[in-house]
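Notes follow the structure.
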Amino acid sequence: MSPQTSLFTGPIVRAAARDALIKLNPSTLIRNPVMFVTAIVAALSTVLWVRAIATGSGTAAFEGQIVFWLWLTVLFGNFAEAVAEGRGKAQAASLRATKADLRAKLLDGRVVDASALQIGDVVRVDTGEVIPADGEVVAGVAFVNEAAITGESAPVIREGGGDRSAVTAGTRVIADWIEVRVTAAAGQGFLDRMIALVEGASRQKTPNEIALTILLAGLTLIFLIAVGTLPAFAAYAGGSIAVPVLVALFVTLIPTTISGLLSAIGIAGMDRLVRFNVLAKSGRAVEAAGDIDTLLLDKTGTITIGDRQAVAFMPLPGVSEGELIASARLASLADETPEGRSIVVLADEKAPGGEGLPAAAEPIAFTSQTRVSGLQIGERSLVKGAVDAVMRRIPNARNADALKQISDDIARTGGTPLAVADGERLLGVIHLKDIVKAGIRERFGELRRMGIKTVMITGDNPLTAASIAAESGVDDFLAEATPEDKLAYIRREQEGGKLVAMCGDGTNDAPALAQSDVGVAMNTGTQAAREAGNMVDLDSDPTKLIEIVGLGKQLLMTRGALTTFSISNDVAKYFAILPAIFVVLYPGLGALNVMGLGSPESAILSAIIFNAIIIPLLVPLALKGVTYRAADAGSLLARNLAIYGVGGLVAPFIGIKFIDMAVTGLNLA
Amino acid sequence: MTFAGWTLIFVFIALIIALAKPSGALLFRLYDSRPLPLEAGLFRLAGTGPREQSWVGYAVAVLAFNIAGIALLFAILKLQGGLPLNPQGFEGVESWLAFNTAVSFVTNTNWQNYGGETTLSHFSQMVGLTVQNFLSAATGIAVAFAFIRAFARSSVATLGNFWVDMTRVTLYLLLPACAILTVVYVAMGVPQTLAASVTATTVEGTQQVIALGPVASQLAIKMLGTNGGGFFNVNSAHPFENPTALANFLQMLSIFVLGAGLTLTFGKAVGNLRQGWTILAAMLGLFLIGVTVTYWAEAAGNPIHQALGIAGGNMEGKEVRFGIAATALFAVVTTAASCGAVIGMHDSFMPLGGLVTMFNMQLGEVIVGGVGAGFYGILIYAILAVFIAGLMVGRTPEYIGKKIEAREMKLAVIAIAVLPLFILGLTALASVTEAGLAGPLAGGPHGFSEILYAYSSAVGNNGSAFGGLTGNTPFYNITLAIGMFVGRFGVILPALAIAGGLVAKRRQPEGPGSFPTTGALWVGLLAAIILIVGGLTFLPALALGPIADHFQVAAGMLL
């Protein structure tokens, strides 16, 4: 993905300014009822202003300024949306470039345009070539550079048959070859969807946005009633109120601020996910992320660092620790697995100065039958492996009971015991342990405060799982978990009214991914998993599930904060405009002019200017989102109410006063 | 303001808090589906069983029952000349007035464009009005029950049965309670007789005819059912309708007791009493603000009078027996609770005191409110508040575990917009038409306040009058009746529709991540949303009425 771009770059602002004008098209504008009403009112005021000029009315200059700011209010709203879209468009352009002019090599040797490929076609991709369509590897193994979509330049292995069979159009084979069966028709692929997503072309209003739009339209209706009845009330008082003034009051009261920023907030929310290298297939999924109650997390890679590590050597009675360490070290020297390497590291720590690989040594490789590995040095065979496997090799070993005792103790604490044997002699046990990631306990504590339950999913036995769960601070665990167990767990949580998020990569994860409310598929996963989830993590990092929840919450919080700000602004606007309108009817009402604004005209003008310029001033906040921190709902509410509720009450009093000083100083009214 | 005055106010609030729990528990027993004694036989007799209704079924039953009630009451009023119990020999009531009165009593408004003792027969009062006083109160509580079920139940389609709820409330609560209250009022000196009047010789030696009638029985339900329609034209300011200070206090308590109790019925039904206490706290907080402003304004007195050497607070339009504190308290109670009974003339309050009474009604009678109506009214505001502020905790807004989505928002907006549309719309109509302008007694902003108050009272289903306005004209009879009808059913229908949607939703369990709808923060937030949404809507109109009035009086101007 393209690197972080700043909020306002020159080209984006210029393009957005142009788009703001294009978006005046009524058929676009009507999607946003409040802005649509503002535009209608602006058009009406324009007509009245032209009439005022034609009749040489003395108020034409004042009316002209109101008309100007009304249109600017609409344009600022359009501009906010265009800026948000503009950032996505820049990314879409770079994605499109990777897709341009792709050619495909069919098995029969024909070379066709990628757009002519059908689902089920099989193409061959050789070193240096770009994969022309999404598909499954059916033959071959290759290193593929997926930087075009993930931004990660380290190549990944793609091969048929397993969980790493999916390939994406636009990525490049950098070594070896593969044959790919096409699974997505031209224009329907992953890249195409990604382009549509970041561009916002296929953006639909999310359920929460629709509800909010209804509320804002409802408030507009209520203010229409409040303002629309004023001429009759004024007539009763023996006066009248000029239409431009009524218009100014109406537009400042209706929630133009949040309406102008609403779609920008939604687009920016999706964009933040994209920048985070997560693709949400719909805005609905992002909102659901904020509502998650239960997080299903894979143990390996999320809660523990991927591999187990040796933490202790436990010799049998009659065996010295030194002998066990030396033998275990020798048995592991040829073992390139992370576990094996960790044994050597621990041995060197405990007894420095161990010898190198003896010249005559032959590695004993791990097989799924023997389940042991080690080193053959002449007649001497040193092995290590699962306790039962080693015991099977040496049926009548002495000390078997003691070995069993030690290994059971280790298993009970959540560790994995590895037995070490020198020929027919049992030496002792290596204690391997899952290492819980640093800081994960604190993260789970945060999530708990936010009311989110964490569940560890692991293939380990319940004993081991319980121990790791206790160490990591996870709320619950699912041991010896099969895909069916996962699915059942999700269903159970959902029946209790909870929303569940999980991540997965394998084909057998697909049902659970589809069942969960937020299913994040790893990009390295199978095509089936990527189809089943409603988000795809391009970095294939399961830890990100936690951040995705945060991004979902931030999106909703930004929307709520700006709505609250917008509505509480109205109080100050009333105090600016009402005395200005009514002072001619009842001079006593001048006492409501608590801001001491210069004149009725300058008060009205200042209110409408404030109402317009607050939109672009809040665009950065709308795009970046409000500050999000993990906390319980009560303190989040208290904090945001203090900033956006109380701030929304106070800010316009100050803003309108300053604008009034400028307006009066410049003799604008 | 006096120490005795504040003591009265705080003792009142403390007693309401103390009574809320037993009242809520009693209402919960009626709300609950466990059968009550004798009711099975009654339902068999009526041919209805406790068959559950969907929200549509419930709404149809409410509408059908109430429209039939309007027709029946209209017929009684038209035909009272030929009906029994008519010792004064009153003729049938004029059609528009009968229409207005029928809508008024069925909608729990009890706006009275007639003088009770000079227009209506005992039959009309007892069989016509008093029956509707019971049934309109029962309707309100029944709808509140249905609304509570929307939150208490999870993933079901039905809201209970209107006929069952209504029967239970009438038979097991309102009738026995009012029988007891009637006896208590009689003991305090309220008349209960079928005689028309007595004739007395006054100190000056002239003959005075003093109207009598079955006052105590109507008084009991008028307060308990927040109806407010007095037997006498001057309502509870009449010595026979409010003989002692204790009777006055009892009347105020009975206005609030059921509305306050319903909040705890709700808390009990949703399994968290704190949810109920929180709603009650928001109501009483707003109430205390209103009382403080009114009492302060009244006690401070009228600067114009004071310039003429009349010291002290504003005693104009008040019963000297009750004085400033009790009258201010009563005025705020009766307008906050959509009761509408009065012991003083709100028209003669200081402008800011009058503003509070008007604003209480414009908020939709949610500060304790009419029995039932106040509860579902404030819950609609709660839904709005949860939606606006709930997003700020980063979750899809939910209330009592029910997600608030587009449908709820649409209906809540309708229920809330009904009030300004009809209050301001009808006020605007009256301000520019000759028929409307003929109504107010005063000119200037005070005259405007009279009109605004009338429609606020009608649409809010309060029924109190500002005084001064001549309402018994075809224009006002019709427009006020429209306002009362829409103000009642224009909220009940969306409320039941919201309930129908919510009851079908699964109830999410509450956790630390849920939006907190208990505690001080939420009380403040709910109160602020009610004040801001209500305030922003009505501030322009109020500025031209009581607020302009206030500044004129402060400047020593007389109209």
- [ ] Return yes or no: is A:Ser45 at pLDDT 90 or above, assigned by the TED database to the domain that holds A:Gly625, open to solvent by less than 70 Å² (accessible area, probe 1.4 Å) and among the hydroxyl-bearing types (Ser, Thr, Tyr)?
- [x] yes
TODO: Determine whether A:Val663 is surrounded by fewer than 18 Cβ atoms within 10 Å (Cβ to Cβ), over 28 Å from the mean Cα position of the chain (by Cα) and either more than 29 Å from B:Leu542 (Cα to Cα) or not assigned by the TED database to the domain that holds A:Asp291 (or both).
DONE: no
Open item on the list: Restricting to the stretch A:246-274, name every residue that is farther than 19 Å from B:Gly394 by Cβ, more than 14 Å from chain B (Cβ to nearest Cβ) and not hydroxyl-bearing (Ser, Thr, Tyr).
Closed with: A:Val247, A:Val251, A:Gly260, A:Val274
Task: Which numbered condition B:Ile400 misses (of (1) over 30 Å from A:Leu589 (Cβ atoms); (2) more than 9 Å from chain A (Cβ to nearest Cβ); (3) within 25 Å of the chain's Cα centre (by Cα)) - done: (3)
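Let's see how each residue does on (1) in contact with a strand residue (DSSP E or B) (Cβ under 9 Å, 6 or more places away or on another chain); (2) modelled with pLDDT of 90 or more:
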site: A:Pro3; (1), (2): no, no
site: A:Thr9; (1), (2): no, no
site: A:Ala39; (1), (2): no, yes
site: A:Val50; (1), (2): no, yes
site: A:Val74; (1), (2): no, yes
site: A:Ser94; (1), (2): no, no
site: A:Leu106; (1), (2): yes, no
Task: Residues located in the stretch A:506-537, provided they are surrounded by fewer than 24 Cβ atoms within 10 Å (Cβ to Cβ) and not in a helix (DSSP H, G or I) - done: A:Gly506, A:Asp517, A:Thr524, A:Thr526, A:Asn534
Task: From the options A:Leu212, A:Leu221, A:Leu197, residue that is away from every other protein chain (no Cβ under 14 Å), of a type in the set (A, V, I, L, M, F, W, C) and outside any loop (DSSP other than H, G, I, E, B) - done: A:Leu197
Open item on the list: Return the residues of the stretch A:612-627 that are surrounded by 18 or more Cβ atoms within 10 Å (Cβ to Cβ) and either assigned to a loop (DSSP other than H, G, I, E, B) or within 9 Å of chain B (Cβ to nearest Cβ) (or both); say none if nothing qualifies.
Closed with: A:Gly625, A:Val626
- [ ] Among the helices (runs of 4 or more DSSP H) lying completely within the stretch B:257-367, list those that include at least 2 residues that are buried (at least 24 other Cβ atoms within 10 Å of the Cβ) and out of contact with any His (no Cβ under 9 Å at 6 or more places or on another chain).
- [x] B:273-300, B:323-336, B:351-362
TODO: Go through the stretch A:360-415 residue by residue and tally those that are of a type in the set (Lys, Arg), modelled with pLDDT of 85 or more and within 46 Å of the chain's Cα centre (by Cα).
DONE: 1
Open item on the list: If B:Pro440 meets every condition in (1) assigned to a helix (DSSP H, G or I); (2) more than 7 Å from chain A (Cβ to nearest Cβ) apart from one, which number is that one?
Closed with: (1)
- [ ] Keeping to the stretch B:512-524, report how many residues are under 13 Å from B:Gly285 (Cα atoms) and either within 7 Å of chain A (Cβ to nearest Cβ) or aromatic (Phe, Trp, Tyr) (or both).
- [x] 2
Open item on the list: If A:Tyr236 meets every condition in (1) touching a residue at least 60 places away in the same chain (Cβ under 8 Å); (2) surrounded by 24 or more Cβ atoms within 10 Å (Cβ to Cβ) apart from one, which number is that one?
Closed with: (1)
Open item on the list: Looking at the structure I just gave you, is B:Ser33 at pLDDT 95 or above and either among the hydroxyl-bearing types (Ser, Thr, Tyr) or surrounded by 11 or more Cβ atoms within 10 Å (Cβ to Cβ) (or both)?
Closed with: no
Open item on the list: Which count do you get for residues in the stretch B:100-141 that are farther than 27 Å from B:Phe475 by Cβ and either over 15 Å from the mean Cα position of the chain (by Cα) or without any contact (Cβ under 8 Å) to a residue 12 or more places away in the chain (or both)?
Closed with: 6
Task: Residue satisfying all of: in the stretch B:449-499; open to solvent by 10 Å² or more (accessible area, probe 1.4 Å), more than 21 Å from B:Gly69 (Cα to Cα) and small (Gly, Ala, Ser); nearest to the chain's Cα centre (by Cα) among these - done: B:Ala465
Task: Selected residue (only one of B:Leu544, B:Leu502, B:Leu536 is assigned to a helix (DSSP H, G or I), free of Cβ contacts under 8 Å to residues at least 12 places away in the same chain, within 14 Å of chain A (Cβ to nearest Cβ) and open to solvent by less than 30 Å² (accessible area, probe 1.4 Å)) - done: B:Leu536
Task: Residue, nearest to the other protein chains (Cβ to nearest Cβ), within the stretch B:407-436, restricted to residues that are over 23 Å from B:Val270 (Cβ atoms) and over 27 Å from the mean Cα position of the chain (by Cα) - done: B:Val432
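Residues are listed down the side, and each one gets a yes or a no for (1) open to solvent by 10 Å² or more (accessible area, probe 1.4 Å); (2) in a strand (DSSP E or B):
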{"residue": "A:Gly414", "(1), (2)": "no, no"}
{"residue": "A:Pro417", "(1), (2)": "yes, yes"}
{"residue": "A:Gly428", "(1), (2)": "no, yes"}
{"residue": "A:Leu447", "(1), (2)": "no, no"}
{"residue": "A:Ala466", "(1), (2)": "yes, no"}
{"residue": "A:Glu471", "(1), (2)": "yes, no"}
{"residue": "A:Val474", "(1), (2)": "yes, no"}
{"residue": "A:Ala481", "(1), (2)": "yes, no"}
{"residue": "A:Glu493", "(1), (2)": "yes, no"}
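The values are calculated or read from the model by the stated rules, or taken from the named source; none is laboratory data. Since the model is a prediction, treat every value here as computed from it, not as a measurement. Every residue, glycine among them, receives a Cβ derived from its backbone with ideal geometry; neighbour counts consider all protein chains shown. What goes into the accessible areas is simple: the full protein's heavy atoms, side chains included, and nothing from ligands, DNA or RNA. Shrake-Rupley method; radii C 1.70, N 1.55, O 1.52, S 1.80 Å.
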